[in-house]
Amino acid sequence: MTIAEKPFIRPDGKEKVTGVGRYTADMNLTGQLYAKFRYSDHPHARIVRIDTSRAKAVPGVLAVLTHEDVPDVLYGGMVQDRRLFAKEKVRWEGDVIAGIAARTAAIAEEAAALIEVEYEVLDPLPDFAANMDAGASLVHEDWETYGADDSLDRSGNTLGHSSIVKGDADSAMAGADVVVKSRFVADASQGAPIEPRAILAQWHGDRVTVWSSTQVPFAARSGVAHTLDMPESHVRVVVPLLGGGFGSKCDFHFEAHVAALAKAAKRPVKLVFSRHEEFVAPDHRREGMVIELETGANRDGTLVSRRGTLRLDKGAYCGEGGFFAQMAAMHACGPYKIQNISVDSYLNYSTNQPSSSIRAPTAPQTCWAVEQHMDQVAEAIGMDPAELRRRTLIAEGDEGPAGQIFDPIGIKETLEAALDMIGYGKELPDDEAIGVACGWWPSFGVPSGAYVKLNGDGTGTIITGAMESGTGAVMGLPLLAAEVLGMSPEDFSITYQDTDAGPWDMGSSGSQTTFNNGRAVIEAAKEVREKLLDMAADELEAHRDDLELVGGAVQVKGSPGTSVTIADLAGSGEPILGKGSGDVPEAPEVEASACVGRLGMESFLAPQLITHAARVKLDRSTGVVRVLEFAAAHDSGVIINRIGADGQVYGGVMMGIGQALSEMTMFDQDGRQRNPGLLDYKLQTVSDAPKIDIRWIEVDTPNAGPKGSKGVGEPPSVPTSGAIGNAIAKLVGRHVDRLPMTPERVWETMHTEGE
Amino acid sequence: MMGATYTTASSVEDAVAAMAAGARPVAGGTDLVVGARQGKKPLPQALVGIHKIPGLDGIGESDGGLVLGALVTHSALVSHPIVRGRFTGLADASAIVGSHATRANGTIGGNLMNASPAMDTGAPLLCMGATVELAGPGGRRTIGLDELWAGPGQLSASADELLVSVNIPAPSPGTGSAYVRLQYRRQMEIAVVGAAAVVTLGGGAVMDARIAITALAPTIHRVPDAEAALVGGPPDEARVDAAAAAAAAAARPIGDVRASVEYRRAMAVVMARRAIMTAVARASGQDMAIPASDSTYGS
């Protein structure tokens, strides 16, 4: 059912793994300067005075900028709560006070240190849960004056409150056979791409070109235009090869700082982050969470009621992530039939690093809590946890948390596939156990566009706004175009990652590239196909209904001898072009009037469903857990290119294992990161990887992406930590209630008395 | 950064002269460069490359012992049959230093002179009674490792002394060694807690024992109480437990991002016991996997 007949290996892979590929930091322009930032000296302080005179006097310094030197503009996708350079206050350790452009990076760094900043130091507010208490000091005193998305339910330090309400959870809870309560705390983790971000800006007249390692070039373009008060058409953002993102390079961040420095210095300016800066950068972080859950169940497994309270750490600024509260609330329900629901979710400001859309934002942590909670419910009613899921997972026609009625979906099939792959129920040594978890994630339907043109040699070029951050644009798009045109995917090149080339695109976020841009490419290729058929009908003196496109030629059906090659048609000099966008699929309308803070997540378009199962081994003396074997069963609809989809699962599961066991940002009492580097922020390595088995449940999905596909990129880390947590609990006898479940925490759980 | 210099020494004398003039030696650069990029310590103003000095990259046998040139890499140590066979604890350690790239570039001389209390090769070499030869402007001298380390990142050697070789005496017949550390992942890791043991068996009894602890005190050091608890009888559970408990009792752990004081203290017992048991097994002729750390848990 996969449309690639043979694996189509990513064309950009070889240059990336052999070191030939050029990334933003590899680029240099004649006369370029180097940028450094002066960061805040305190996580929370009022700025009394900034004096840049000593920095400006350093020989070799060509520009020093503060808030006084750029337009006084507030920006932010869902709440406009920040400036390029801090003005009245600093709100986290990474707030930028000034930017310096100098002849060398060392001079710029020296000058940054010479900027004098006088502060009135304020108490830091790192406790994002306590920040919503009455009387708590405010991170943003002027929050009411900010522009914001109308659907956000804001109040003080809470920038978004969302609820999912269905039926009467309180009275249903009172009538349940058993009631299980749990509380889980997830620490922050990081996106941690290998490439620290880099930006290079060059002006020509009143126009600027910015090369940037961003996942979202069009959002970056808008941000530069908005904050520097210039027309969008005067800003071009180009992304050379991108060295990973995982969501940490989403949203607009530093392109305008560097563009402003280049304008002031009248020279190209380059900024390259150190690893430390990368770790402290805004939106590099997955949000910390406190998750309280309560479920009423009957002994036959019926889930009669779910109550929940979730508190999420947004850090100092909102950015695009204002939807997190509602997304987390949906994950607090999960892909289950629950009769009555009352979940409240609060997205709170703190003086911590801003958190953002790290691969499936809010889902892995919430799912980790919910899936361990489900195992606790199973234990309370004396039922095998897999059986409880079998009885309660959603299927076609079931009703979702906010009233959505589901199309055909394969979550139950993913459960059976994962149990089968892992050998659920098999005899294991007494230091090993298998844990299972299920999860979901929506597809996002957004506008997207592409052009397809044919070249004189019979090859094609796809011109698109889509981004490639390992997300598969370079594989999925040529495959889809090739299928429409009877060509082979190797025949296509892609012109992309350049806002002056392709149409607007949301960027590599939300598992949306193939889902939306694939649709656009198919539409564009169809227009090319029509043109080819017209031209070939003339050439072959045949009726166009009798023609077909096969093997790089147009031929009379069943008569390969009567044909004309695409190269001959395209080489005639007649331009052969197509454009497309296609109709955006929309999530089903739901009534959901009882829900607060509706941002469109109350109904999931083409949900992607997942079951993960992990076999783990516990070293009882140390608390060290190793994942020995992993089974991942996914319903992502029809798979376009199996090798690309498998790659997403391998990478996602490894990211999920890291989040489960070792990846944790530690803060000091003021909210400064204690381990902002790759030595003590413990990513998993290849040597830690278990055997990972994958099975795709290809449910033909109406109202989905091209060919009945859904997204693929984010789900592979969603239930991973839940599956591992459930396995650990079987060995320890209790659930570890802190994420990540580090050796020390597992060991502590083994050595402290349970409730 | 103004005026930074880099020269390449072609002899020990060249290197020492450069060091006497203020240069810091660099070979693999796995501590110096990584530390500078992390912002731990800037690169020194003057560097002298010692990687081209002839004769410092050999592993030689001497009266049943070993002489390691300062430039011997961790990957060379791990793949050397005599190191694996009779100095197994050193192979355990070199096998898990950093990553593949660290082991291919990082040298034994650099590892020892970095004086980290968490270095992997230190504890097994200390237990093996290794000495180091230092070359300075006034000539050469040989000191024990216990004399070399003065604190975290601090040496008793002066800044113009270059480590040229490590000498490991021949082990007595019936000796086995092991190094084990607590690690949270299998590559790019640094010891959270570690322990090494060198055990000599004779007639079923422990004739001699050397036990050292890693990342549990300002310097790696041996624990005489633990050694005494193990010697004088069969390596049974009671004796091993007593030795491990004594090793842990000598620990003065710190709490940091890698572990709390309490956890480090508890893990000291576990790592010491595992190092001792593995060394005893090897002394009895059993073939135990290298590195011992990986076989102590997981697959």
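Collect residues whose amide H, placed 1.01 Å from N in the peptide plane, falls under 5 Å from the amide H of A:ALA450; neighbours closer than 5 in sequence don't count.
Here the answer is A:GLY580, since their amide H atoms fall under 5 Å of that of A:ALA450.
Please list 3J(HN,Hα) in residue order for the stretch A:437-446, calculated via the Karplus relation 6.51 cos²θ - 1.76 cosθ + 1.60 where θ = phi - 60°; whole Hz, with x for glycine and proline.
Per-residue couplings from phi come out as 8, 10, x, 8, 6, x, 8, 10, x, 9 Hz.
Please report the net charge: other residues with Cβ closer than 15 Å to the Cβ of A:THR742, K and R +1, D and E -1.
Summing Lys and Arg as +1 and Asp and Glu as -1 gives -3.
Dipole of the protein assembly as shown (Lys/Arg Cβ +1, Asp/Glu Cβ -1, origin at the Cα centre): which of A:PRO335, A:LEU605, A:GLN648 lies farthest to the positive side?
Value: A:GLN648.
Check each of the GluC sites (Glu not before Pro) in the stretch A:277-375 and keep only those in coil by DSSP with at most 11 other C-beta atoms within 10 angstrom; list them in order.
Here no loop site has a sparse enough neighbourhood.
Under 5 Å between amide H atoms, partner at least 5 residues away or on a different chain: which partners does A:GLY315 have, H built in plane at 1.01 Å?
Long-range HN contacts for A:GLY315: A:SER350, A:ASN352, A:SER355.
Helix-only estimate, please: 222 nm mean residue ellipticity of chain B, summing -39500 (n - 2.57) across DSSP H runs of length 4 or more and dividing by its residues, to the nearest 500.
-9000 deg cm²/dmol
If packing is taken as the mean number of other Cβ atoms within 10 Å per residue, what is the order of B:18-24, A:735-741, highest first?
Order by mean packing, descending: A:735-741, B:18-24.
Report, in whole Å, the centroid distance computed from the Cα atoms of the stretch A:21-62 and the stretch A:80-103.
11
For every helix of n ≥ 4 consecutive DSSP H residues, a contribution of -39,500 (n - 2.57) applies; sum these over chain A, divide by its total residues, and give [θ] at 222 nm rounded to the nearest 500 deg cm²/dmol.
-7500 deg cm²/dmol
May I ask which residue of A:SER305, A:PRO71, A:VAL638 lies farthest towards the positive end of the charge dipole of chain A, with charges of +1 (Lys, Arg) and -1 (Asp, Glu) on Cβ and the Cα centre as origin?
A:PRO71
For peptide A:621-631, what's the mean number of Cβ atoms from other chains within 10 Å of each residue's Cβ?
5
Which angle from 0 to 90°, rounded to the nearest 10, does the C-alpha axis of helix B:261-283 make with the longest principal axis of chain B?
In chain B, helix B:261-283 runs at an angle near 80 degrees to the longest axis.
Averaged over peptide A:684-694, how many Cβ atoms belonging to another chain are found within 10 Å of each residue's Cβ?
Across the residues of A:684-694, the mean count of other-chain Cβ atoms within 10 Å is 3.
Need one word for the stretch B:5-48: rounded, prolate or oblate. Basis is the Cα gyration tensor (sqrt eigenvalues a ≥ b ≥ c); a/c below 1.5 gives rounded, then a/b vs b/c decides.
Prolate, since a/c reaches 1.5 and a/b exceeds b/c.
Please report B:HIS51, A:HIS253 as a ranked list, fewest other C-beta atoms within 10 angstrom at the top and most at the bottom.
Exposure proxy ranking, most exposed first: B:HIS51, A:HIS253.
Other chains near B:248-258: what is the mean number of their Cβ atoms within 10 Å of each residue's Cβ?
2
To check you understand DSSP bridge types, tell me what percent of the beta bridges within the stretch A:289-360 (both residues inside) are antiparallel, rounded to 5.
Antiparallel bridges make up about 45 percent of those DSSP assigns within the stretch A:289-360.
If the limit is 29 Å between Cα atoms, which of A:LYS87/A:LYS263; A:LYS14/B:LYS52; A:LYS337/A:LYS617; A:LYS166/A:LYS249 go over it?
With Cα atoms farther than 29 Å apart: A:LYS14/B:LYS52; A:LYS337/A:LYS617; A:LYS166/A:LYS249.
Report ³J(HN,Hα) in whole Hz for each residue of the stretch A:116-127, in order, from the Karplus equation J = 6.51 cos²θ - 1.76 cosθ + 1.60 where θ = phi - 60°; Gly and Pro get x.
For the stretch A:116-127, the Karplus curve yields 9, 10, 9, 10, 10, 6, 10, 5, x, 10, x, 7 Hz.
How large is the dipole of chain A about the Cα centre if only Lys and Arg carry +1 and Asp and Glu carry -1, each at its Cβ, rounded to the nearest 20 debye?
Here the size comes out at about 1560 debye.
Report, for chain A, the % of DSSP beta bridges that are antiparallel, rounded to 5.
Bridges in chain A are about 75 percent antiparallel.
Take the alpha carbon atoms of the stretch B:131-183, find their center, do the same for the stretch A:465-480, and report the distance between the two centers in whole angstrom.
The stretch B:131-183 and the stretch A:465-480 have Cα centres spaced 55 Å from each other.
5 Å is the cut-off here: which amide hydrogens, built 1.01 Å from N in the peptide plane, fall below it relative to A:LEU33, excluding neighbours closer than 5 in sequence?
Those lying under 5 Å, H to H, from A:LEU33 are A:VAL269, A:LYS270.
Sort A:THR752, B:THR175 so the one with the fewest other Cβ atoms within 10 Å of its own Cβ comes first.
Fewest-to-most ranking of A:THR752, B:THR175: A:THR752, B:THR175.
So for the protein assembly as shown, Kirkwood radius off the Cα pairs, Stokes-Einstein at 25 °C and 0.890 mPa s: how many µm² s⁻¹?
Translational D for this selection: 78 µm²/s.
Where does each of B:ARG185, A:ARG285, B:ARG103 land when they are ranked from fewest to most other beta-carbon atoms within 10 angstrom?
B:ARG185, B:ARG103, A:ARG285
Write down the Kirkwood hydrodynamic radius of chain B, to one decimal in angstroms, obtained as one divided by the mean of 1/r over all alpha carbon pairs.
The Cα-based Kirkwood calculation yields 19.3 Å.
Using the Karplus curve 6.51 cos²θ - 1.76 cosθ + 1.60 with θ = phi - 60°, work out ³J(HN,Hα) for each residue of the stretch B:108-113 in order, rounded to whole Hz, and write x for Gly and Pro.
So the Karplus estimates, Gly and Pro as x, are 5, x, x, 4, 6, 7 Hz.
So how do A:514-524, A:169-179 stack up, highest first, on mean other-Cβ count within 10 Å?
Result, highest mean Cβ count within 10 Å first: A:514-524, A:169-179.
Roughly what % of DSSP beta bridges within the stretch B:1-129 run antiparallel, to the nearest 5?
So the antiparallel bridges in the stretch B:1-129 amount to around 40 percent.
FYI, it's all coordinate maths here, none of it is from the lab. Small disclaimer: the values here were computed from a predicted structure and weren't measured. All Cβ positions, even for glycine, are placed from backbone atoms using ideal geometry, and neighbour counts span all protein chains on display.
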